[in-house]
Amino acid sequence: RDSQQRDTERLSRWKKWRRTSSKSLKKALNEVKGLLSYLVLWKHDIHSIEGKFGTGIQSYFSFLRFLVLLNFIIFILMFSFVTLPTIISNYGTFNSTIAYISPKNTDDICTIYEPSGNKGLVYFYTYLKDLLSGTGFLEVTYLFYGYYSIDAVWIRIMRYNLPLAYLLATFAYLALSFLWIIKRSVEGFKHNLVHDADPFQSYCNKVFAGWDFCITDPYAARLKHRSLQYELQMDLQEEKLKQKIAERSMHEKLRIYFLRIFTNIIVIAVLSGCFYSIFRVTVFSQENSNDTDNANSLVNLLVQYLPSIVITLANFIGPLIFSFLIGLEDYTPAFEIKLTLMRCVFLRLANIGILLFSLWSQISNCGSDKCKPCGYNYKLYPCWESDVGREMYKLMIFDFIVILAVALFVDFPRKLLVNHCSWKLVQWFGHKEFEISDNVLEIIYGQTICWIGTFFSPLLPAIATIKYFIIFYVKKIVLIHTRKPAARPIRASSSNFFFLVVLLIGLLLAFIPLGVSIARIPSSKACGPFSNFNTSWEVIPDTVLQFPTGLQQMLFGMASEAFAVPFFVI
Amino acid sequence: AYKRFSELLPKEERENACSARVPKSQILMLPELRANPFQHRICHVFSTSETRDDSMSFEDFLDMLSVFSDSATSDIKSHYAFRIFDFDDDGTLDRKDLEQLVNCLTGQGEESRLSSAEMEQLIQNILEESDIDKDGTINLSEFQHVVSRSPDFARCGGLQR
């Protein structure tokens with residue numbers, strides 16, 4: 001301050017004015033930033049978690065916050081471009097009229113679709129059952145694809161092409177998610193690149209930058225000490241292990257390779273077992289849930305939820321088997337973690353893929369000549385997009401219920417047991433650690449379902465937003481009250497990047513089913529905005545053909561290979 | 001920041017907070033420093049007291065906050081971090097400094113220290129990674145070089161308000 005004051009005496013009046021104005025501008029900007037930070041969702045909560053549990057767990061919660069925002073934006077997108085025009089036209093505001101789709105040159109048999117909205121007096125619990133399984137009264141709401149049977153909306157003199165908007169909104173939300181994830185992962189990638197390019201620096205990084213200065217709680221500080229000690233010891237042990245591996249004899253190497261091939265075969269067997277069971281269960285559930293004899297019973301609800309239950313079981317048992325097997329394979333600890341994680345990611349995402357694949361095999365199942373008139377199994381699935389949407393909806397609801405149930409019925413009783421019961425067995429069981437990777441895979445699984453399902457059920461992102469919002473508070477309460485931080489902390493910089501990479505894999509995986517549904521499978525003729533087209537994709541060539549010829553030529557030129565490939569490469 | 005500083009002073013000296021010095025015991029009661037294993041070194045480094053009793057004036061307090069804030073450049077942070085880690089104040093980090101540093105990190109009790117074989121191995125690795133001129137000690141520029149490539153230093157080197 002003294003030196004600054006001395007300087008100002010020497011400057012001319014103009015420079016003095018500039019300096020004071022820049023100072024006050026900086027102050028004003030800081031105030032604005034301070035105010036804006038109040039708007040950031042959950043800023044205070046995440047800060048306190050960081051202080052108590054360290055940056056690894058904090059990165060999980062900021063990842064959750066990112067997903068809430070992403071889902072909210074996707075919901076706003078779909079709502080404003082698809083649902084809002086439909087609502088406006090249904091109520092006739094803004095002088096809008098609807099042009100309903102008139103079926104042209106298709107067999108009438110394809111257009112029979114009677115959604116069984118509840119008619120007449122029904123018991124109250126049918127509403128609950130419908131809420132859980134997406135049938136009944138939910139089928140005839142904006143929730144599912146089947147309701148949007150509008151060709152165009154006329155607002156005053158403007159024609160709003162709803163099918164085109166539906167398709168473009170789908171592409172838009174996929175592209176938005178893709179770009180946003182890439183943007184967030186670029187920073188993490190830079191760090192990882194620098195970090196990996198210098199693997200010789202891991203010890204310095206741990207020692208000089210190891211202490212997390214944000215910790216304010218003495219209990220957390222003790223845990224941080226312990227975790228640092230553990231981490232340093234693990235690294236030193238791993239170095240010794242690497243030396244030992246390098247000195248292995250030929251005989252031992254052969255034995256270990258043989259063992260690894262064996263365990264990989266077991267892993268593949270486990271995965272195929274899961275896939276086959278999901279396939280059979282989905283087929284069974286689809287065949288039996290259309291049985292209207294006991295349509296209102298609990299058994300029927302259970303049959304409908306069978307695929308979700310089986311997937312959740314597979315997601316739970318699979319990682320247990322994998323972590324048992326990895327112990328036999330004798331890798332270095334860091335590689336063990338990575339390999340188990342990759343296997344779990346593959347299991348979870350492939351489960352969704354198999355479910356969709358089995359749904360499609362059912363939809364396009366042309367045993368006899370069932371497919372001839374419409375191109376899909378119109379008897380069982382007059383409106384197949386709504387059915388797929390319903391499956392995704394059920395998966396999402398069940399996922400949510402499972403997370404809440406595990407929090408309520410597993411974590412809290414466990415804490416009570418360990419705290420009040422002093423049996424040796426119970427104490428050995430101990431407090432559960434907050435497994436960051438398991439939790440992250442859970443929410444990525446949920447997000448992939450949301451991405452796939454939004455095309456078939458435009459209001460699904462709203463459900464996802466509410467779900468993640470509630471999960472944030474549930475997990476926070478569980479964390480604060482029951483768990484101790486993991487003894488093996490994952491470092492914040494690398495874990496952020498890892499979460500985003502897996503999320504990106506989920507998104508790319510979501511592209512595949514959506515691409516196949518939009519471009520290959522004929523759209524239902526009985527419901528939805530695309531009933532006049534062969535496939536949903538056809539809207540775009542149709543619209544392009546309506547543009548003036550000059551524009552058409554340009555678009556065709558852009559789409560031709562010579563141009564598109566270098567464009568995408570850049 | 002002025003408010004927090006004046007809270008640390010006893011009541012009668014609050015009027016002159018600008019020129020008063022706060023004794024070390026009071027500074028250590030700040031929540032951010034309470035759990036920090038380097039608390040004594042931090043007080044020592046930032047204190048400009050002539051009597052070497054590690055008390056801090058308001059200027060020292062501001063210095064400390066500004067170095068630990070998010071807007072400090074990594075140069076400043078690494079400079080001060082070097083001074084904090086230099087336990088014997090000789091301008092370089094030698095083996096004894098590193099040993100004390102690691103002991104601070106792993107905890108104060110007997111069972112939380114690394115064994116001497118592990119300590120040897122660890123210090124050997126650290127010196128291999130950072131000692132460029134191979135003189136067995138780390139000087140300021142080597143330290144800044146190592147820290148600039150460490151992705152976690154920027155994140156964890158900050159105190160919240």
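Where does each of A:384-391, A:461-468, A:41-48 land if you order them by average Cβ count within 10 Å, highest first?
Values: A:384-391: 26.4, A:461-468: 21.1, A:41-48: 14.8.
So the order, starting with the most tightly packed, is A:384-391, A:461-468, A:41-48.
What are the ³J(HN,Hα) couplings of segment A:412-420, residue after residue, when phi is run through the Karplus curve with 6.51, -1.76, 1.60 and θ = phi - 60°? Round to Hz, x for glycine and proline.
Couplings: 5, x, 4, 5, 4, 4, 5, 6, 10 Hz.
Pull out the extension gain between A:Met250 and A:Ser24, defined as 0.36 nm times the separation in residues minus the alpha carbon to alpha carbon distance; nm, one decimal. Walk me through the numbers on the way to the answer.
Numbers: separation 226, 0.36 × 226 = 81.36 nm, distance 7.27 nm.
Between A:Met250 and A:Ser24, full extension yields an extra 74.1 nm.
Which order do A:Glu187, A:Glu31 fall in if you start with the one that has the fewest other Cβ atoms within 10 Å? Provide the component values of the computation, followed by the final result.
Details: A:Glu187 14, A:Glu31 10.
In increasing order of surrounding Cβ atoms, one gets A:Glu31, A:Glu187.
Please give, to one decimal in nm, the separation of the simple spin-label points placed at B:Asn139 and B:Asp89, each 7 Å out from Cα toward the Cβ.
Using points 7 Å along Cα→Cβ, the separation is 2.1 nm.
By per-residue mean of other Cβ atoms within 10 Å, what is the highest-first order of A:237-243, A:282-288, A:451-457?
Result, highest mean first: A:451-457, A:282-288, A:237-243.
Place +1 on the Cβ of every Lys and Arg and -1 on the Cβ of every Asp and Glu in segment A:248-365, take the dipole about the Cα centre, and give the residue among A:Ile309, A:Val345, A:Asn365 whose Cα lies farthest towards its positive end.
Among A:Ile309, A:Val345, A:Asn365, the one farthest towards the positive end of the dipole of segment A:248-365 is A:Val345.
Assuming 0.36 nm per residue, please report the length gained on full extension of the stretch A:Val40 to A:Glu336 beyond their Cα-Cα distance.
Numbers: separation 296, 0.36 × 296 = 106.56 nm, distance 3.74 nm.
Working it through step by step, the gained length comes to 102.8 nm.
Roughly speaking, what is the stretch gain from A:Tyr125 to A:Leu417, that is 0.36 nm per residue apart minus the C-alpha to C-alpha distance, in nm to one decimal?
Gain on extension, A:Tyr125 to A:Leu417, equals 101.6 nm.
Rounded to the nearest 0.05, what FRET efficiency do A:Phe284 and B:Ser66 have when you use their Cβ-Cβ distance and R0 = 51 Å?
On the way: r = 67 Å, r/R0 = 1.31.
Between A:Phe284 and B:Ser66 the formula returns 0.15.
In the structure shown, do any of A:Lys240/B:Lys134; A:Lys394/A:Lys467; A:Lys129/A:Lys394; A:Lys43/A:Lys476; A:Lys415/A:Lys476 have a Cα-Cα gap over 18 Å, and if so which? Walk me through the numbers before you get to the answer.
Numbers: A:Lys240/B:Lys134 24 Å; A:Lys394/A:Lys467 13 Å; A:Lys129/A:Lys394 11 Å; A:Lys43/A:Lys476 13 Å; A:Lys415/A:Lys476 15 Å.
Violating the 18 Å Cα-Cα cut-off are A:Lys240/B:Lys134.
Can you list the residues, at least 5 places off or on another chain, whose amide H is less than 5 Å from the amide H of A:Ala152, using H built in the peptide plane?
Those lying under 5 Å, H to H, from A:Ala152 are A:Ala99, A:Leu162.
Taking loop as defined by DSSP and a crowding limit of 12 other beta carbons within 10 Å, which trypsin sites (Lys or Arg not before Pro) in segment A:316-361 fit? Working shown, then result.
Numbers: sites: A:Lys338, A:Arg343, A:Arg348; in loops: none.
Within segment A:316-361, no trypsin sites (Lys or Arg not before Pro) qualify (loop, at most 12 other Cβ atoms within 10 Å).
Suppose each label sits 7 Å from its Cα in the direction of the beta carbon; what would the A:Lys240-A:Leu164 distance come out to in nanometres?
Modelled inter-label distance: 7.1 nm.
Counting only other chains, and only Cβ atoms inside 10 Å, what mean value do you get across the residues of A:233-244?
2
Need one value for B:94-106: mean number of C-beta atoms belonging to other chains within 10 Å of its residues' C-beta atoms. Walk me through the numbers before you get to the answer.
Numbers: counts 0, 0, 0, 0, 2, 0, 0, 4, 6, 1, 3, 11, 11.
Mean shielding by partner chains, rounded to a whole number: 3.
Every number here is computed from the coordinates shown, using simple stated rules; none is lab data. Here the structure is a predicted model, which is why all the values come from computation and not from measurement. Cβ atoms come from the backbone with ideal geometry, glycine included; neighbour counts cover every protein chain shown.
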